[in-house]
Amino acid sequence: MCLSTVYKNNTAPESILMKNVMRIECKDGTVVLTDLMDRTVAIAGTLEYANLVEGVVLVKESA
């Protein structure tokens, strides 16, 4: 199972949006994250990149 940590705008520790993310959905300018406990976080923005080997995902927040 590949779980990831999702960051907002940069990969600094203070930019973590959610850990243990198992699902990412992008729809209508919103990125919806779901973690292992089935909690969700939605953020207006775009998926910049995902490195699933390292478990790092970067979301760029809309201004």
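Determine whether ARG23 is among the charged types (D, E, K, R) and touching a Ser or Thr at 6+ places or on another chain (Cβ under 8 Å). For ARG23, the condition - among the charged types (D, E, K, R) and touching a Ser or Thr at 6+ places or on another chain (Cβ under 8 Å) - is met. Exactly one of these conditions fails for MET37: (1) part of a strand (DSSP E or B); (2) hydrophobic (A, V, I, L, M, F, W, C); (3) in contact (Cβ under 8 Å) with a residue 12 or more places away in the chain. Give me its number. Condition not satisfied by MET37: (1). Of these, LEU58, LEU3, LEU36, which one is surrounded by 15 or more Cβ atoms within 10 Å (Cβ to Cβ) and touching a strand residue (DSSP E or B) at 6+ places or on another chain (Cβ under 8 Å)? Being surrounded by 15 or more Cβ atoms within 10 Å (Cβ to Cβ) and touching a strand residue (DSSP E or B) at 6+ places or on another chain (Cβ under 8 Å) holds for just one of LEU58, LEU3, LEU36, which is LEU58.
Looking at segment 6-14, is at least one residue surrounded by 12 or more Cβ atoms within 10 Å (Cβ to Cβ), out of contact with any helix residue (DSSP H, G or I) (no Cβ under 6 Å at 6 or more places or on another chain) and in a strand (DSSP E or B)? Scanning segment 6-14, I find at least one residue that is surrounded by 12 or more Cβ atoms within 10 Å (Cβ to Cβ), out of contact with any helix residue (DSSP H, G or I) (no Cβ under 6 Å at 6 or more places or on another chain) and in a strand (DSSP E or B), so the answer is yes. Against the numbered list (1) open to solvent by less than 30 Å² (accessible area, probe 1.4 Å); (2) of a type in the set (A, V, I, L, M); (3) at pLDDT below 95, LEU52 comes up short only at (1).
The values are calculated or read from the model by the stated rules, or taken from the named source; none is laboratory data. Nothing here was measured: the structure is a model prediction, and the numbers come from that model. No Cβ is skipped: glycine too gets one built from the backbone with ideal geometry, and neighbour counts run over all protein chains shown. Surface areas here come from the heavy atoms of the whole protein model, side chains and all, with no ligands, DNA or RNA. Shrake-Rupley method; radii C 1.70, N 1.55, O 1.52, S 1.80 Å.
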